[in-house]
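K.L.:
Just passing along the structure, written as structure tokens.
Values in this text are rule-based calculations from the coordinates and carry no lab data. Remember, it's a predicted structure, so these values are computed and weren't measured experimentally. Methodologically, a virtual Cβ is constructed for each residue, glycine included, from the backbone with ideal geometry; neighbour enumeration extends over all protein chains shown.
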Amino acid sequence: MNPEDREDNRSTQSDEKDADSRGRAGFGRLRTFESFQTPAYRVYYGAMAANWFAMNMLQMVRFLLIYRLSGSAAVTGGLALANTIPTLLVALIGGTLGDRMQKKYLLLVGRVGLALLALAIAVLLSTGYLSPARPGSWWILIVSAVFEGSINGLMYPTNMSIIPEIVGGGRLMNAIFLSSMGQNICKLAGPALAGFFVDAFGFSADYYFMTGLYVVGAVFTLFLPRTEIPPTTKPRGSVMSDTLQGLKHLGSESIVLLIVLFTVCHVVAGQPFNQLLSVFTESILKVSASKLGLLTSLAGIGALIGSLVLASIRVRRRGLILLMSGVVMGVPVVIFTYFHQWTVALLMMPFIGLGQTMHQGFASTLVQTYAAPEYRARMQSFLMVASSLAGFGTFTAGLLATSIGVETAIGSFAIFLTLISIVFIVFSKLRKLE
């Protein structure tokens, strides 16, 4: 039985059909905040909002900090790689644990760990141990990226796979894009605040603030309800055997496998732009940390608008929109990198953010829709592994930037993203998914 036929028998799909019968019109029945009717989702959202804000601050601050400490694009790319490798090693185990145990406890341990890690960096910055006065101290940021990648590898599959258990299948897409909306609000405000803190108070202020946010997220997590573990998802063997079973299941799910493969292409070619943006603004545009924060926030505006619209309507041809996300992001990145003008950069950032949120939202929605319930966390972990490969793209782009220039390196990756997305649109069956 192929995945499409089997899907008709799953509760997720039947919930979706029931929801459609209550309101089929696209804009005729806006449902933007429908998932907030579920109390547990509101608690989940509070925990995630604190996490999203901290992570968006961290994404800007750590790359800028390590570039200022090292002065090297290659070292900056190496930071992304240091974050990627442990995520790749841990994510599959994280997905297996998410299918075997109470998800709230896994999330709670992860958020406490992130709080302690941010606090450690804040103290090292305050004491001057991590500073330009100590050449080579940037290695501390590399080590912290390893720990952070490991923690996120454990948490992320559960962060996503808990959503259908909270809201049900009929509200799954709405709940995921509401989550995307929250992430994008944080992407809008977080980097701007982070840049202001850097210019006004120094990097340590950012890390102390992030510590507080992770603590708030942990407190909200305490109030998440315990979710029922169906008999088919309870552990039957070791963690490793269940992980291998998940790999075998992925091989039999052609739709999920194609989504994962497209995600690899999207993040490896697209994410280097985000993670090396600080190199571009420092060496090409020559602007302050506050303006770097502004650029990142403008990407958040485009992503926010997109997620609001997609959370409000029932979207058809979701597979095609997923594939179009590569073009929507790739073309503006090419324009951004080759024009070298501040005004052009400002205009392109909202479209870049829109392309990112289209990919993230639809990839997660389709995986959670087409994955069997007993494999949801593990299938989400494969999506995270694919996303984590962005670090390899950034590391490669960082090495290329030292020889051919950051604009040529990032621009070439964006051209590849655009072309491979067109190939998927023309030849892949993903374009037919509803």
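K.L.:
Excluding Phe280 itself, what net charge comes from residues whose Cβ is under 12 Å from its Cβ, given Lys and Arg +1 and Asp and Glu -1? Let's see the in-between values first.
P.N.:
Working: positive: Lys286, Lys291; negative: Glu282, Glu407.
So the surrounding residues net to 0.
K.L.:
Please find the FRET efficiency linking Phe223 to Lys432, where r is the Cβ-Cβ separation and R0 is fixed at 30 Å, and quote it to the nearest 0.05.
P.N.:
So, using R0 = 30 Å, E works out to roughly 0.15.
K.L.:
Largest first and in whole Å, what are the equivalent-ellipsoid semi-axes of the stretch 136-223 based on the Cα gyration tensor, each being the root of 5 times an eigenvalue?
P.N.:
Equivalent-ellipsoid dimensions as semi-axes: 29, 17, 12 Å.
K.L.:
Where does helix 406-427 land angle-wise versus the long Cα axis of the chain, in degrees 0 to 90, nearest 10?
P.N.:
Approximately 10 degrees, to the nearest 10.
K.L.:
How large is the translational diffusion coefficient of the stretch 282-362 in µm² per second when you combine the Kirkwood radius over alpha carbon pairs with Stokes-Einstein at 25 °C and 0.890 mPa s?
P.N.:
185 µm²/s
K.L.:
How would you classify the stretch 384-434 from its alpha-carbon gyration tensor, with a ≥ b ≥ c the square roots of the eigenvalues: rounded for a/c under 1.5, else prolate if a/b is greater than b/c, otherwise oblate?
P.N.:
oblate
K.L.:
Next up: Once semi-axes √(5λ) of the Cα gyration tensor in Å is worked out from the coordinates, which option in [x] 81, 21, 14; [y] 33, 25, 20; [z] 34, 30, 20 does it equal?
P.N.:
Derived directly from the coordinates: [y].
K.L.:
Quick check on the chain: helices-only [θ] at 222 nm, where DSSP H runs of length 4 and up contribute -39,500 (n - 2.57) each and the sum goes over total residues. Nearest 500, please. Numbers along the way, then the final one.
P.N.:
Numbers: 17 runs with 346 residues, N = 434.
So the helix-based figure for the chain works out to -27500 deg cm²/dmol.
K.L.:
Cβ under 15 Å from Val423's Cβ, Val423 left aside: what net charge do those residues give with Lys, Arg +1 and Asp, Glu -1?
P.N.:
With Lys, Arg at +1 and Asp, Glu at -1, the neighbours total +2.
K.L.:
Only Lys, Arg, Asp and Glu count, each charged at its Cβ (+1, +1, -1, -1), so figure out the dipole size of the chain about its Cα centre, rounded to 20 debye.
P.N.:
Values: 32 positive and 21 negative charges, 85 e Å.
I would put it at about 420 debye.
K.L.:
Name the residue from Gln245, Phe395, Leu79 whose Cα lies farthest towards the positive end of the charge dipole of the chain, charges +1 on Cβ of Lys and Arg and -1 on Cβ of Asp and Glu.
P.N.:
Of the options given, the answer is Gln245.
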